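**Student:** Shown below is the structure under consideration.
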Amino acid sequence: MSDALQTSGSLRRRLTLQLVGSAAFLAMLLFFVVLAFARDVAQQTHDSILLASATSIMDSVSVQADEVTVDIPYAALSMLGNVSDDRVFYRIAMRGQVLTGYQDLPSTSQSVRSGHSAFDTLVYKGDSIRMVTSSRRLSLNGAPADIIISVAQTREGQATQLAQLARSALQLGLGFFLVATVLAFWTAQSSIRPLKQLTEAMSRRGPKDLRPVRRPVPSEMVPLVQSLNQFIARLRVSLSRSEDFIAEAAHRVRTPLATVRAQAEITLLRVDKPENRASLREMIRAIDESSRAAGQLLDHAMVTFRTDSLEREAIDLGDLTRELVDRLHPIAELKDIALTFDGSPLPEISGDQILIQNAVRNILDNAIKYSPYESAIQVSTRQVSHTVLIQVEDEAGGFADMDTDALTQRFIRGKNAAGTIGSGLGLTIAREVVEAHGGALIIETSGSGAGACVSLSFPLA
Amino acid sequence: MRFLLVEDNISLATAVLDRLRMDGHVVDHAANIAAAEDYSATTDYDLILLDIMLPDGDGRAFLRSHRSRLIETPVIVLTARSEVSDRVGMLDLGADDYITKPFDFSELEARCRAVLRRHGGDSSNQKRFGNLVFDPMAGTLSVAGKTITLRNKELRLLEIFLNAPDRIFSKPKLVDRLFSYDEDVSENAIEVYVGRLRKHLNGSGVEITTVRGMGYRMSLT
């Protein structure tokens, strides 16, 4: 059944992929956010040190006798050295003239008002630098003069630090991704579990177990399970209908036939005229023929119906055969046939008891029907390596040169069947049953050559 | 033998009754479960023949109550339902055997005999005639103290003769009684069985004589 079904992807895979995809996206986002934040923090730290340096230089600016004096404190530049080994540049300018420091240090593009500062990221001598520019208005010779102090530092140390931070952020992102992935698999697994459990519960059921599903299921699965239950209910009704129908059909056909047959038989015992007797005999034969045909057709329908879904149980084929032989003793006795059974204890096989009974019964019926008066039928059961064998040997003349395949075809009867009532379905039924159990039916000439030997072999589980 | 037949189909019942009475049995007929309960409560039967589908219920219900009252009388179920599905239940419910409709009377007789034999039929059913004692249940014949086991056909033939001593049975009638209708049996077969029976009856004071153009008759010598 499953091999004919096409799959349209897997729920679990889809769920896992989506969860893992989201986790990857979130991990990347986390990485960039952490990186940006770290860069920001590093920049701010750097800026505040630069500003502190510029401010301490500014503090050392003094005007004495209309002369501007700058005494750059050692700490102003050494505090920058604490941050990293990056090179430090400075420039002190007033009224567009550089008082001290690096002449070619680029100027800020921003206008800096007195008492304020501005930060720039610039390129100086091929290196990226961060520069703070502070301004202060002095009064020189009674005129205002803006003193502008720039302090800059290359950013190699900061770049190294940022690379380290980026590595950490990457590790954090990866760790998050791994944990999220594991959780995604677990989530997918656990959300698919109720579905799996339902599947297992359904496939564990025997072929005749048509009870509705009662186990609690997640609310999303309720519509599915409801439809499944409705389907099971419909199946149960239709199955019981076919079984009832077969039983009812048998009843309807056989009851009137039984009446007619009994009446005909009684009448036959009362009439003397040979013509009447002959026609009554014909009538009884016709009734027997039709009732047997009807019976076997219905049996065949039932067998076909049941072989589709074998109701297996442990069966002792020895007991089963012995019981059938016991039951057929009275019939065999009518023809003074010695019906004997010989069986040693057997291991149980797994099979459908009703079907196997029917198969063996058909073989025994045949043997009795075709056997001559005062002959013998030997029934035996035994184990042969991994099979259990039921053998029925008669002295009924055998099946001449017809082979098993030909004899077990529907409505085909053996060459010596003329003059005996039969439908030609008995061997077909037996073969179908045996083959449904993985066994084989073999028809041979019996050891003595006086008749046939029919073997039903069933494999041990 | 005393039989109770529980069967609602009147024409089938009549035929079965006729046939059983022909063999010298006493038979009561109940057409439903209620009547069957009445009969079985008041009379001891040797055997009950029980149809399964009855107007006032399922024959299985009768079978169950019958068994629950610990009545030993064996029951043979007459069923028209499919053998595949029904057979197991019947024997589980305590039926001694079952037979599928339509049935051959000789099969019904054979099954009755087998069931009665299993239940250990008592010796009150022995038939005495002249010097011979015949036990149909055991299938034995004692002639002047010597016991012989008879084959089925010999036994049936002897039973037919013993049920109606001095009556003439034609060969065709005997064929009807002895053989099933689905086999072609020549009347010569009857001669063979009569011949065998005559040998067994030697010295019993009973003989089977040929009535020319009529048939056979058993009588005391």
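The values are calculated or read from the model by the stated rules, or taken from the named source; none is laboratory data. Everything numeric in this text was worked out from a predicted model, so none of it was measured. Neighbour counts are summed over all protein chains in view; Cβ atoms, including those assigned to glycine, are modelled from backbone coordinates with ideal geometry.
**Student:** Scan (1) part of a helix (DSSP H, G or I); (2) more than 9 Å from chain A (Cβ to nearest Cβ) for the single condition B:Ser142 breaks and write down its number.
**Tutor:** Of the numbered conditions (1) part of a helix (DSSP H, G or I); (2) more than 9 Å from chain A (Cβ to nearest Cβ), the odd one out for B:Ser142 is (1).
**Student:** From the list A:Ser238, A:Ser242, A:Ser279, A:Ser203, which one is in contact with a helix residue (DSSP H, G or I) (Cβ under 9 Å, 6 or more places away or on another chain), hydroxyl-bearing (Ser, Thr, Tyr) and not assigned by TED's automatic domain parsing to the domain that holds A:Asp365?
**Tutor:** On the way: A:Ser238 fails: in contact with a helix residue (DSSP H, G or I) (Cβ under 9 Å, 6 or more places away or on another chain); A:Ser279 fails: in contact with a helix residue (DSSP H, G or I) (Cβ under 9 Å, 6 or more places away or on another chain); A:Ser203 fails: in contact with a helix residue (DSSP H, G or I) (Cβ under 9 Å, 6 or more places away or on another chain).
Just a single option satisfies the conditions, and that option is A:Ser242.
**Student:** Spot the failing condition for A:Thr121; the list is (1) under 24 Å from A:Tyr74 (Cα atoms); (2) out of contact with any helix residue (DSSP H, G or I) (no Cβ under 6 Å at 6 or more places or on another chain); (3) of a type in the set (Val, Ile, Thr), and only one is missed.
**Tutor:** All conditions are met except number (1).
For (1) more than 46 Å from the chain's Cα centre (by Cα); (2) closer than 21 Å to A:Leu35 by Cα; (3) part of a strand (DSSP E or B), each residue gets a yes or a no:
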position	(1), (2), (3)
A:Arg113	yes, no, no
A:Ile148	yes, no, yes
A:Val151	yes, no, yes
A:Phe185	no, no, no
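**Student:** Quick check on segment A:293-328: of everything there that is within 9 Å of chain B (Cβ to nearest Cβ) and of a type in the set (Lys, Arg), which residue is farthest from B:Glu183 (Cα to Cα)?
**Tutor:** Here the residue is A:Arg306.
**Student:** Also, quick follow-up: Report yes if some residue within segment A:312-319 is in contact with a Lys or Arg (Cβ under 7 Å, 6 or more places away or on another chain) and either over 21 Å from B:Leu108 (Cβ atoms) or surrounded by 19 or more Cβ atoms within 10 Å (Cβ to Cβ) (or both); otherwise report no.
**Tutor:** no
**Student:** Same structure again: Might you check whether a residue that is in contact with a strand residue (DSSP E or B) (Cβ under 6 Å, 6 or more places away or on another chain) and either among the polar types (S, T, N, Q) or on the phi > 0 side of the Ramachandran plot (or both) occurs anywhere in segment A:383-397?
**Tutor:** Yes: one or more hits.
**Student:** Between a first residue in segment B:55-83 that is outside the structural domain of B:Glu109 (by TED's automatic domain parsing) and a second residue that is surrounded by fewer than 20 Cβ atoms within 10 Å (Cβ to Cβ) and of a type in the set (A, V, I, L, M), which pairs have beta carbons less than 7 Å apart while being 6 or more apart in sequence or on different chains?
**Tutor:** none
**Student:** Okay, next question. Within segment A:327-344, does at least one residue satisfy the condition of being touching a strand residue (DSSP E or B) at 6+ places or on another chain (Cβ under 9 Å) and touching a residue at least 60 places away in the same chain (Cβ under 8 Å)?
**Tutor:** Residues of segment A:327-344 that are touching a strand residue (DSSP E or B) at 6+ places or on another chain (Cβ under 9 Å), as a first pass: A:327-333, A:337-344.
Next cut, touching a residue at least 60 places away in the same chain (Cβ under 8 Å) only: none.
Scanning segment A:327-344, I find no residue that is touching a strand residue (DSSP E or B) at 6+ places or on another chain (Cβ under 9 Å) and touching a residue at least 60 places away in the same chain (Cβ under 8 Å), so the answer is no.
**Student:** Residues of segment A:234-262 being more than 9 Å from chain B (Cβ to nearest Cβ) and not polar (S, T, N, Q), which ones?
**Tutor:** Across segment A:234-262, the qualifying residues are A:Arg234, A:Leu235, A:Arg236, A:Val237, A:Leu239, A:Arg241, A:Asp244, A:Phe245.
**Student:** Here's another thing I want to ask about it. Taking segment B:1-45 as the region of interest, how many residues are in a helix (DSSP H, G or I), within 14 Å of chain A (Cβ to nearest Cβ) and of a type in the set (A, V, I, L, M)?
**Tutor:** Going through segment B:1-45 one residue at a time, the tally reaches 8.
**Student:** If we keep just the residues of segment A:84-105 that are over 17 Å from A:Arg137 (Cβ atoms) and crowded, with 17+ Cβ neighbours inside 10 Å, which is farthest from the chain's Cα centre (by Cα)?
**Tutor:** The qualifying residue farthest from the chain's Cα centre (by Cα) is A:Gly101.
**Student:** Could you please give the count of residues in segment A:190-224 that are of a type in the set (Ser, Thr, Tyr), within 28 Å of A:Glu243 (Cα to Cα) and in contact (Cβ under 8 Å) with a residue 12 or more places away in the chain?
**Tutor:** 0
**Student:** Sort through B:Tyr216, B:Tyr193 and tell me the only one that's away from chain A (no Cβ under 14 Å) and over 17 Å from the mean Cα position of the chain (by Cα).
**Tutor:** Details: B:Tyr193 fails: away from chain A (no Cβ under 14 Å).
The match here is B:Tyr216.
**Student:** Of all residues in segment A:357-382, count the ones that are charged (D, E, K, R) and not in a helix (DSSP H, G or I).
**Tutor:** 2
**Student:** Right, here's the next one. Got a sec? Which of A:Ala159, A:Ala93, A:Ala75 is under 28 Å from A:Leu35 (Cβ atoms) and of a type in the set (A, V, I, L, M, F, W, C)?
**Tutor:** Only one candidate qualifies: A:Ala159.
Yes or no, residue by residue, for (1) under 21 Å from B:Asp104 (Cβ atoms); (2) surrounded by 13 or more Cβ atoms within 10 Å (Cβ to Cβ):
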position	(1), (2)
B:Arg117	yes, yes
B:Gly120	no, no
B:Asn152	yes, yes
B:Leu157	yes, yes
B:Arg196	no, yes
B:Arg217	no, yes
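**Student:** Quick check on segment A:263-281: of everything there that is facing another protein chain (nearest Cβ under 8 Å) and assigned to a helix (DSSP H, G or I), which residue is modelled with the lowest pLDDT?
**Tutor:** Once the filter is applied, the top-ranked residue is A:Leu269.
**Student:** Among the numbered criteria (1) closer than 30 Å to B:Ala13 by Cβ; (2) within 14 Å of chain A (Cβ to nearest Cβ); (3) buried (at least 18 other Cβ atoms within 10 Å of the Cβ), which single criterion is violated by B:Phe134?
**Tutor:** (2)
**Student:** Which of the residues belonging to segment B:31-58 are closer than 17 Å to B:Thr79 by Cβ and crowded, with 20+ Cβ neighbours inside 10 Å?
**Tutor:** B:Ile33, B:Ala36, B:Leu47, B:Ile48, B:Leu49, B:Leu50, B:Asp51, B:Ile52, B:Leu54
**Student:** Could I ask something else about it? Going through segment A:33-50 one residue at a time, which ones are in contact (Cβ under 8 Å) with a residue 60 or more places away in the chain and either under 19 Å from A:Thr133 (Cα atoms) or of a type outside the set (Val, Ile, Thr) (or both)?
**Tutor:** A:Leu35, A:Ala38, A:Arg39, A:Ala42, A:Gln43, A:His46, A:Asp47, A:Leu50
**Student:** In this structure, does B:Ala61 turn out to be surrounded by 13 or more Cβ atoms within 10 Å (Cβ to Cβ) and over 23 Å from the mean Cα position of the chain (by Cα)?
**Tutor:** yes
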